[in-house]
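Below is one structure, written out as structure tokens; the observations come after it.
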Amino acid sequence: MRTSRLSRRPGGDVAKAPLYVRIERELRTRLAQAQPGDVVPAESVLAEEFGVARMTVRAALNALESDGLIERIQGRGTFVRQRPEPRAAGTLMSFQDQVRSWGRVPASRLVEAEVRAASPAEAAALQLTAVAPRVTSIVRVRLADDVPLAIEYACFPPHLSTLLDLDLETGSLHRALGERGLRPTLGSSTLTAQRAGSDGELLHVPADEPLLVETRLIVDQHSAPLEYTVSRYVGDRYDLQVTFDVQPPRTGDSR
């Protein structure tokens with residue numbers, strides 16, 4: 001077992017900080033210097049260090065656990081959790097395969113599954129030409145070890161409504177598409193940042209929490225639009241890695 005790097009720093013005066021929010025921030029700073037598997041001091045130890053009640057420390061640790069930074073193992077203690085490897089923005093694998101590659105357990109929580117009217121953006125992306133276009137809509141919260149990472153708003157053409165008959169909490173949509181003779185082959189995405197808003201409750205974050213939003217379109221082996229999805233990730237729990245080319249400055253550019 002590794003020696004903890006989360007013990008009190010000499011000269012620290014966090015005991016004067018306002019309750020659990022300041023304690024949480026201080027522990028986040030320490031966690032950034034820690035290694036996966038390091039032991040987190042017990043609630044009683046932290047309560048004595050910060051000069052607060054154990055319930056105040058527990059609130060701070062609960063927030064860190066909700067963000068996937070620490071894990072509590074009954075009978076053993078609390079440990080620093082390994083942060084997921086970033087996903088290359090130019091690559092998309094199934095969520096289940098990705099989470100398993102981190103050594104964690106994937107899960108989904110179904111929020112909505114229906115055939116409904118398409119929004120203008122959905123109709124344009126999926127090239128739906130009907131007078132009143134409809135989409136097969138599946139909304140799920142995606143989790144790793146029961147920690148919510150993202151809420152995913154996925155839309156498919158209406159003829160794929162049989163996807164709604166699947167076990168959408170444990171099954172893989174991409175695997176189901178393959179069984180229907182459809183192979184996701186190419187995609188494009190746009191990254192933005194937005195507040196969590198009403199999704200905050202499902203993701204266990206405040207409404208004003210900034211989320212990383214990936215809007216992507218995937219086509220099948222026939223270059224036909226297959227999936228239009230908006231994924232809203234909690235920034236503290238998910239990383240995207242972007243590789244890019246550096247363009248030389250234009251003539252006369254002073255930079």
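Summary table
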| item | result |
| --- | --- |
| Two-site FRET efficiency, Gln221 against Glu112, from Cβ-Cβ distance with R₀ of 41 Å, rounded to 0.05 | 0.90 |
| Gain on full stretching of the segment that runs from Arg183 to Thr129 - 0.36 nm per residue minus C-alpha separation | 17.2 nm |
| Per DSSP, loop GluC sites (Glu not before Pro) in the stretch 91-180 with at most 12 further Cβ within 10 Å | Glu169 |
| Prolate/oblate/rounded label for the stretch 89-155 (Cα gyration tensor, a/c 1.5) | prolate |
| The stretch 41-50 - phi-based ³J(HN,Hα) in whole Hz, Karplus 6.51/-1.76/1.60, Gly and Pro as x | x, 5, 3, 5, 5, 5, 4, 5, 4, 8 |
| Radius 9 Å from Cβ of Asp145, net charge of other residues (Lys, Arg +1; Asp, Glu -1) | 0 |
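No value in this document is a laboratory result; all are computed from the given coordinates. Values in this document were obtained by computation on a predicted structure and should not be read as measured data. Here Cβ is always computed from backbone atoms with ideal geometry, including for glycine, and neighbour counts include all displayed protein chains.
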